[in-house]
1. Could you check TYR100 against (1) of a type in the set (Ser, Thr, Tyr); (2) buried (at least 22 other Cβ atoms within 10 Å of the Cβ); (3) at pLDDT 95 or above and say which number it fails?
2. With (1) without any contact (Cβ under 8 Å) to a residue 60 or more places away in the chain; (2) over 18 Å from the mean Cα position of the chain (by Cα) as the list, and GLU87 as the residue in question, which single condition is left unmet?
3. Would you point out the residue of the stretch 109-141, among those that are small (Gly, Ala, Ser) and free of Cβ contacts under 8 Å to residues at least 40 places away in the same chain, that is farthest from ILE80 (Cα to Cα)?
4. List the pairs whose first member sits in the stretch 56-75 and is part of a loop (DSSP other than H, G, I, E, B), whose second member is acidic (Asp, Glu), and whose Cβ atoms are under 9 Å apart, counting only residues at least 6 apart or on separate chains?
5. Can you name the residue in the stretch 35-46 that is without any contact (Cβ under 8 Å) to a residue 60 or more places away in the chain and closer than 23 Å to TYR140 by Cβ and, of all such residues, is nearest to the chain's Cα centre (by Cα)?
6. Looking only at the stretch 95-142, how many residues end up being farther than 20 Å from GLU27 by Cβ and of a type in the set (Ser, Thr, Tyr)?
7. Could you check how many residues of the stretch 98-146 are under 20 Å from GLY55 (Cα atoms), over 10 Å from the mean Cα position of the chain (by Cα) and hydroxyl-bearing (Ser, Thr, Tyr)?
8. If the Cβ limit is 8 Å and pairs must be 6+ apart or interchain, which residue in the stretch 142-158 that is over 25 Å from THR42 (Cα atoms) pairs with which residue that is in a helix (DSSP H, G or I)?
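The values are calculated or read from the model by the stated rules, or taken from the named source; none is laboratory data. Quick caveat: nothing in here was measured; it's all calculated off a predicted structure. We place every Cβ from the backbone using ideal geometry, glycine too, and count neighbours over all the protein chains shown.
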Amino acid sequence: MYFEDFPVRPFLLANSAAVLACPEGAETLVSCTFKGGAKTLTTCLHGEQATYVFGTPGRQPELEMKRDVREVGMTPWPGIGGSIWEEAIFVNGDVRYIVYYSISKDPGARNPMEGGVVVEQYGVELAHLRCDAGSVLSGYPLPLFDAKVAAGQEYSMETGEWE
């Protein structure tokens, strides 16, 4: 666990359909719906494997990736700002899929949790899909951090890199 002295406790905000659920034995990273539920994104952690599944509910996924946790980037929350946020980064060829969630610290926030995915190629944003309001399934901290540490990686707050 990291940021152990910060008073936030792990929690899950779930207003989503069962279609976003990870397989039995897996933990949710960030999952949500887009375009009024027309598309879904489900990212999960199962041991040392992280998965990314995007597509139309009830159909074959449009994109499915399974990666060792050491191959999945992760940007942990730095401990400052008006929201708590984290990112998991999946790479497919020369395209990066940056999956994120953000929890507002404002108790009066209309949508306390938001999320989405940014698709980049060579540092250029190709798409930014924002999750439907109320559909985000995630929580602080992402279990990916501990999985990467257990796999022998260490995060440097100074460089922002995994070693």
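1. That leaves (2) as the condition not met.
2. Among (1) without any contact (Cβ under 8 Å) to a residue 60 or more places away in the chain; (2) over 18 Å from the mean Cα position of the chain (by Cα), GLU87 violates only (2).
3. ALA127
4. Hits for this filter: THR56/GLU62.
5. THR43
6. 2
7. Counting residues in the stretch 98-146 that are under 20 Å from GLY55 (Cα atoms), over 10 Å from the mean Cα position of the chain (by Cα) and hydroxyl-bearing (Ser, Thr, Tyr) gives 1.
8. Every condition considered, the pairs that remain are GLY152/ARG70.
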